[in-house]
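For reference, the structure discussed in these notes is given below.
Just so it is clear, none of the values below were taken in a lab; they were calculated from the coordinates. For clarity, every value in this text was computed on a predicted model and none was experimentally measured. Note that we place each Cβ from the backbone using ideal geometry, even for glycine, and neighbour counts take in every protein chain shown.
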Amino acid sequence: MTGKSSFIMYTRYSKLFSMLSAEDLSKLIFAVFAYVESGEVPNFCDNDGLNMLFAVMRVDLDRDSKKYEESKARMSEGGKKGAEMRWNK
C-alpha cells in the first residue's frame, strides 16, 4: 500500500468514531495515514477497541487499494493499446 497519496474514508465510520475520545480518534487517524503511506500496521497495545476498529478499517483500505491497482493497470494497458494504434497506423 506504500506510495499512495490518498485513500477512501467511509461515512459509516462516523458512528464508531463518535464513541472514541478525541485522543483515541487522533491516534487512530494518524495510524491510518501511516498505514496508507508506509504499510505500517499499528499496535495499540493498551487499547483493544482501537485495534479492533483499525482491523475493520484495514479490510476496507486493503480492498480499495487492490481495486485501485487493478483499475490503474487496466487504464495503463488501454493507454498503451491506444498509443500503439495511433502510432502504428
Open item on the list: Just to check your reading of the model, which residue among ASN88, ASN43 is of a type in the set (S, T, N, Q) and surrounded by 11 or more Cβ atoms within 10 Å (Cβ to Cβ)?
Closed with: ASN43
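Matching residues to (1) without any contact (Cβ under 8 Å) to a residue 40 or more places away in the chain; (2) in a helix (DSSP H, G or I):
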{"position": "SER6", "(1), (2)": "yes, no"}
{"position": "LYS27", "(1), (2)": "yes, yes"}
{"position": "GLU37", "(1), (2)": "yes, yes"}
{"position": "ASP62", "(1), (2)": "no, yes"}
{"position": "SER65", "(1), (2)": "no, yes"}
{"position": "GLU69", "(1), (2)": "yes, yes"}
{"position": "LYS72", "(1), (2)": "yes, yes"}
{"position": "GLU77", "(1), (2)": "yes, yes"}
{"position": "MET85", "(1), (2)": "yes, yes"}
Open item on the list: Any residue that is assigned to a helix (DSSP H, G or I), at negative phi and not charged (D, E, K, R) - is there at least one of those in the range 40-49?
Closed with: yes
